[in-house]
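Note sheet for the following structure.
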Amino acid sequence: MRTAALTARLRGDALGALRASTQSGRELDVLVIGGGVTGAGIVLDAVTRGLSAAVVEAQDWSSGTSSRSSKLVHGGLRYLQMLDFHLVREALTERDLLMSRIAPHLVKPVSFLYPLENRVWERAYVGAGVALYDTLATVSGAKRAMPIHRHLTRKGMERLFPDLRHDAAIGAIQYWDAAVDDSRLVSTLIRTAASYGAHAASRTELVSLQTTTGGAVTGAEVVDLETGEHIDVRARHVINATGVWTEQTEHLAGSEGGLRVLASKGIHIVVPRSRIAGTAGLILQTEKSVLFIIPWSRYWVIGTTDTPWSQELVHPVANASDIDYLIAHANTVLARPISREDVIGTWAGLRPLLQPGTKAGTSSAKVSREHTVASPTPGLTVIAGGKLTTYRVMAKDAVDFAIGSRATTLPSITTRIALAGAEGLEAVQRQSRSIAKKYGWDQFRMDHLLHRYGSLLAELLDLVDADPDLAKPLPHAPAYIGAEIVYAASHEGALHLDDVMMHRTRLNYEQADKGVGALEEIADLIAPVLGWDAEQRAAEIAAYRERAAAEHAATVETDDATAERVRLLAPDIVPLTPVGGLDDSAPPFTPDPGRKPGADDSPAAPGPAGT
């Protein structure tokens, strides 16, 4: 299969297909609203069943929570405490499918230490739970992708994590889960779907849902935010996968039915890898949540929080109180405490908390404790809840529900669909030594490139062969080579400098200056690809500088309202349009009394996909 490149031409073709859908015989089978991991998974599921499918996203792909998760693919060890074995088994099955078959280049194992304070009862209790976790993975039906857990003495624990305070634990249990660059997972899902014929248009916002006099949804009106063109779209099934925007999107159908979703903020901080000595991650229980200290290649990710959010939904921010909370809890076990000066980056995301029950007049199928699919009115399917790990199951359930009885003759096949970059991965891995020698790259660079691109590395090498200077690291962002920046614009659908800094790379939170020092060289690389003139180039750089300054200023404020006001002083390079007079702030937060705080550290919510 030839992998589609997310080019300006492909986006134009997708918009053309949306226009053509109003013509006789050109109606889409499925229109997906929302370009986060759920929406991306849905459009891939639909198109690989043989359905004509399109997905629109108001911002860049994965701009919402799907780029702001804990970046873990995991079974949810804590759910065993709630005796929710089915949920854990489902997530472990998906974790192992991703690692062994669907996206082995993107999803990598990471080991965690669970520190123990009691030598007898806690080791027995926690050990039994982790053993069950491994057992559920073994019988999940997928190829086993992880080592079995093991018990460690204090000495064994300190060898893996020297900076763990000596008196913090008498030993630990080491177990394995997986990590993923969430944004790359989403963009790879979109590319894979486009390769099978799906139509994908970012920066395309939902304006209204079209309905019959009886209230059935028959399509949508969208606006291409790059040009201002309004487009009518006809579709047999519209699927709302907009996460924390679920209720606003439902409202456009003119129905009182639907799902109830509230927003909860989770933040993470980034600390240089050299600042904490350790090779494994840590999982800690706090009074409010679960705290992870997660090793990445060049840094540690520490999170998360779980707090009410009642501000606007597009730009959640970490404030000083959030950051201090994570630092304080990490320091309870660190031999060398960290401080604000050690934090080089932060991000904040909004969990779409699915509230109990559905609104009147809604048909629904509660297919998981974590997510629900519903239909507030004929022609409109809504899915909400869930998490990153189980996006594929959510997608399958949403399409099954939308197409009804046709699902028996057109079943989902995504358990067997490898994502772009997975096919041929092993062969490229075996060639890595010769590739590294040819282009002058060390092992770290090769690991970095294989993890990001898999077998698509061949496309990157084509760029380097055409311009050998693209093999060199960026002077002010040496973790990346020039070819990666060009590739973001030529193959991965980046339309703006913001897209490259936030989602194609992780420079926004990987460097203390948020990548500002590299803006000129990055703009020079992508401007020719995107056809920018000097004025557009200058505007893109200025907009990102303002964003970076506003995000940094917000982290000094101690409350959400003030921090958000500071953040919103920086305008978006492509502003969203107010839709239907709806307020973009979050609805009042009322916690589910049956939900444990911190219940999902890795949510699967899409961005503000058209609402």
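The values are calculated or read from the model by the stated rules, or taken from the named source; none is laboratory data. Treat the numbers as computed from the prediction; the structure is a model and nothing was measured. A quick note on method: Cβ atoms are made from the backbone with ideal geometry, for glycine too, and the neighbour counts reach across all protein chains shown. Accessible surface is based on the protein model in full, side chains and every heavy atom, while ligands, DNA and RNA are left aside. Shrake-Rupley method; radii C 1.70, N 1.55, O 1.52, S 1.80 Å.
Our summary gives the chain a relative contact order of 23 percent, counting only alpha carbon pairs under 8 angstrom and 6 or more residues apart. Computed over protein heavy atoms with a 1.4 Å probe, the carbon and sulfur contribution to the accessible area of the chain reaches 54%.
Sorting the segments 295-304, 62-71 by their residues' average number of neighbouring beta-carbon atoms within 10 angstrom, most packed first, yields 62-71, 295-304.
Heavy-atom accessible surface of ARG445, to the nearest 10 Å², is about 30 Å², with a 1.4 Å probe and all protein chains retained. The share of Cα pairs per 5 Å bin across region 156-251, counted from zero up to the longest distance, runs 2, 9, 12, 14, 14, 10, 5, 5, 5, 6, 6, 6, 3, 1 percent.
Rounded to the nearest 20 debye, the dipole size of the chain about its Cα centre is 2380 debye, using +1 on the Cβ of Lys and Arg and -1 on the Cβ of Asp and Glu.
Here each label is just a point 7 Å from Cα along the line to Cβ, and for VAL556 and ASP467 those points are 3.8 nm apart.
Could you tell me what fraction of 2.2 N^0.38 Å the Cα radius of gyration of region 1-78 comes to, as a two-decimal ratio? All intermediate terms of the calculation are to be shown ahead of the outcome.
Working: Rg = 15.0 Å, N = 78, 2.2 N^0.38 = 11.5 Å.
That ratio works out to 1.30.
Distance between the pseudo-spin-label points of ARG119 and SER24 (7 Å out from Cα toward the beta carbon): 8.5 nm.
Report the antiparallel proportion of the DSSP beta bridges in the chain as a percent, rounded to a multiple of 5. List each step's numbers first, then the result.
On the way: 68 of 86 bridges.
The antiparallel proportion sits near 80 percent.
Output the direction-averaged projected area (hull surface divided by four) of the convex hull of the alpha-carbon atoms of region 422-569, in nm². List each step's numbers first, then the result.
On the way: hull surface 39.7 nm².
Averaging across all directions leaves 9.9 nm² for the Cα convex hull.
Normalised by 2.2 N^0.38 Å, where N counts its residues, the alpha-carbon radius of gyration of region 91-207 equals 1.44.
What net charge is computed for the residues neighbouring GLY379, neighbours being all others with C-beta under 11 Å from the C-beta of GLY379, Lys and Arg scored +1, Asp and Glu -1?
Details: positive: ARG234, ARG236; negative: none.
With Lys, Arg at +1 and Asp, Glu at -1, the net is +2.
Per residue, the solvent-accessible area of the chain (1.4 Å probe, heavy atoms of protein chains only, all protein chains present) comes to 36 Å².
Could you estimate the translational diffusion coefficient of region 379-470 from the Stokes-Einstein equation, with Rh from the Kirkwood formula over C-alpha pairs, at 4 °C and 1.567 mPa s, in whole µm²/s? Mind dumping the intermediate values first?
On the way: Rh = 16.4 Å.
Answer, rounded: 79 µm²/s.
Here the extension length gained between GLU520 and ILE541 equals 6.8 nm, from 0.36 nm per residue of separation less the Cα-Cα distance. Listed cross-link partners LYS155/LYS387; LYS472/LYS514; LYS265/LYS472; LYS155/LYS472; LYS265/LYS396 are compared with a 31 Å cut-off, the Cα-Cα value being larger for LYS155/LYS387; LYS265/LYS472; LYS155/LYS472. Charge dipole of region 213-271 (Cα centre as origin; +1 on each Lys and Arg Cβ, -1 on each Asp and Glu Cβ, all else neutral): 340 debye, rounded to the nearest 20. Value of Rg to Rh for region 245-374, rounded to two decimals, is 1.10; Kirkwood radius and Rg both from alpha-carbon coordinates. From its DSSP helices (H runs of at least four residues, each -39,500 (n - 2.57)), the chain gives a residue-normalised ellipticity at 222 nm of -9500 deg cm²/dmol.
Compute and list, largest first, the equivalent-ellipsoid semi-axes of the chain from the alpha carbon gyration tensor, each √(5λ) rounded to a whole angstrom.
On the way: eigenvalues 241, 170, 122 Å².
That gives 35, 29, 25 Å for the three semi-axes.
Global size of region 468-554: 12.0, 41 Å for Rg and Dmax (C-alpha atoms, Rg to one decimal, Dmax whole). Computing FRET efficiency as 1/(1 + (r/R0)^6) for THR7 and GLU221, where r is the C-beta to C-beta distance and R0 is 22 Å, gives about 0.30.
Suppose R0 equals 60 Å; then what is the FRET efficiency for SER321 and HIS230 from their Cβ-Cβ distance, rounded to the nearest 0.05? Could the numbers behind the result be given before it?
Working: r = 42 Å, r/R0 = 0.71.
Efficiency computed from Cβ-Cβ geometry: 0.90.
Under 14 Å from a label point 7 Å along Cα→Cβ of ARG144: give me every residue in region 174-208 with its amide N that close. Residues passing the 14 Å test: 176. Per-residue Karplus couplings for region 394-403, computed as 6.51 cos²θ - 1.76 cosθ + 1.60 with θ equal to phi - 60°, are listed in order as 4, 4, 4, 5, 5, 5, 3, 5, 5, 8 Hz, Gly and Pro entered as x. Taking packing as the residue-averaged number of other Cβ atoms within 10 angstrom, the listed peptides 403-415, 3-15 run from highest to lowest as 3-15, 403-415. In this structure the amide hydrogen of ALA422, modeled in the peptide plane, comes within under 5 Å of the amide hydrogens of SER455, none closer than 5 places in sequence on its chain. Please name whichever of PRO295, ALA402, VAL271 sits farthest to the positive end of the charge dipole of the chain, dipole taken about the Cα centre and charges placed at Cβ: Lys and Arg +1, Asp and Glu -1. Final value for the positive-end residue is PRO295. Take the Cβ atoms of SER434 and SER310, set R0 to 45 Å, and the FRET efficiency comes out at 0.20.
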